[in-house]
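Here's the structure we're looking at; comments come further down.
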Amino acid sequence: MRLPYVSDPPATSTPEEADILSKVQARRAPNGLLPLDRALLHSFPVTDGWGAFMGAIRQRTSLTTVIRELVISRVSVLNKAWLEWDVHSAILADGGFSNDALQVARDKNVDVAAKVAEGVLTEAEGAVLKYADAMTKTVTVPDEVFEAVKKHFNYREVVEITTTAAAYNCVSRVLVALDVGEQNR
């Protein structure tokens, strides 16, 4: 970590800070604060907004575990956020993603179309992988990539895939810039 982590638990100086800390602790119970929490808690207002937004992305979308975690895992690979990869690739595997498919998700230079043709990925998974790649590498999503995602997902799911990729681009950039977990640089 490029900054010192706050203590666990950190000191609070206002009732609002105590309330924010209580929400984070409740989310993490019974295991305690994560390194990311201990970095973000240098700013209680940022931590509060982060928790609300990421809670919606992680727990309130209609996406399947595989699609959500595929997006998150792919973004983590592209941005070299290895702490994030370790956490989310395990959830992806627990959700039923095969070891071969995990290797595809981890390969930055993979031929996605070939892996779909081989049956390693479904068409929908391949479309999501290309979409996450475009959002992460160039921000602009080519029309054909967007249309492929839209072919497999309804409007709500398209918005949720998009916001998940955007959110985890934010997460990975914080993890890498601050070297949270000491394995991202």
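The values are calculated or read from the model by the stated rules, or taken from the named source; none is laboratory data. Quantities reported herein were computed from a predicted structural model and do not represent experimental measurements. Reconstructed Cβ throughout: ideal geometry from the backbone, glycine too, with neighbour counts over all protein chains shown. Accessible surface is based on the protein model in full, side chains and every heavy atom, while ligands, DNA and RNA are left aside. Shrake-Rupley method; radii C 1.70, N 1.55, O 1.52, S 1.80 Å.
Brief remarks follow.
- For the chain, the fraction of 1.4 Å probe accessible surface lying on carbon and sulfur atoms is 53 percent.
- Cleavage-rule hits (GluC sites (Glu not before Pro)) in segment 72-173: DSSP loop, at most 15 neighbouring Cβ within 10 angstrom: E118
- Tilt relative to the chain, helix 143-152 - C-alpha long axis, 0 to 90 degrees, to 10: 90 degrees
- Translational diffusion of segment 20-112, µm² s⁻¹ [Kirkwood Rh, Cα pairs; Stokes-Einstein; 4 °C; 1.567 mPa s]: 89 µm²/s
- Cross-link pairs exceeding 24 Å between alpha carbons, from the set K80/K130; K80/K137; K23/K137: K23/K137.
- Over all pairs of different C-alpha atoms in the chain, the reciprocal of the mean inverse distance, the Kirkwood hydrodynamic radius, equals 17.3 Å.
- Dipole-positive endmost among A101, V112, L21 within the chain (Cβ charges, Cα centre): L21
- The chain, accessible area per residue, ligands and nucleic acids excluded (1.4 Å, Å²): 51 Å²
- Computed packing ranks the peptides 28-36, 71-79, 96-104, 170-178 as 71-79, 170-178, 96-104, 28-36, most packed first, by mean other Cβ atoms within 10 Å.
- The chain: calculated mean residue ellipticity at 222 nm from DSSP helix runs of at least 4, using -39500 (n - 2.57): -21500 deg cm²/dmol
- Across segment 89-144, the convex hull enclosing all Cα atoms gives 84 Å³ per residue.
- In segment 131-185, the convex hull through the Cα atoms has an average projected area of 4.2 nm², a quarter of its surface area.
- With Cα atoms as the point set, segment 1-52 shows a radius of gyration and Dmax of 10.0, 29 Å.
- Here, P(r) means the percent of Cα pairs in each 10 Å bin from 0 to the largest distance; for segment 63-169 it is 16, 55, 29, 1.
- Degrees separating the helix 123-137 axis from the principal Cα axis of the chain, which is the longest one: 60 degrees
- Spin-label model, S13/V159: points 7 Å from Cα along the beta carbon direction are separated by 3.9 nm.
- Accessible area in the full protein assembly, largest first, 1.4 Å probe, for W82, W50: W82, W50
- Inter-part distance, segment 108-185 to segment 32-47, computed on C-alpha centroids, equals 26 Å.
- Karplus-derived 3J(HN,Hα), 6.51/-1.76/1.60, for each residue of segment 33-46, Hz, glycine and proline x: 5, 7, x, 4, 4, 6, 7, 5, 5, 5, 10, 4, x, 5
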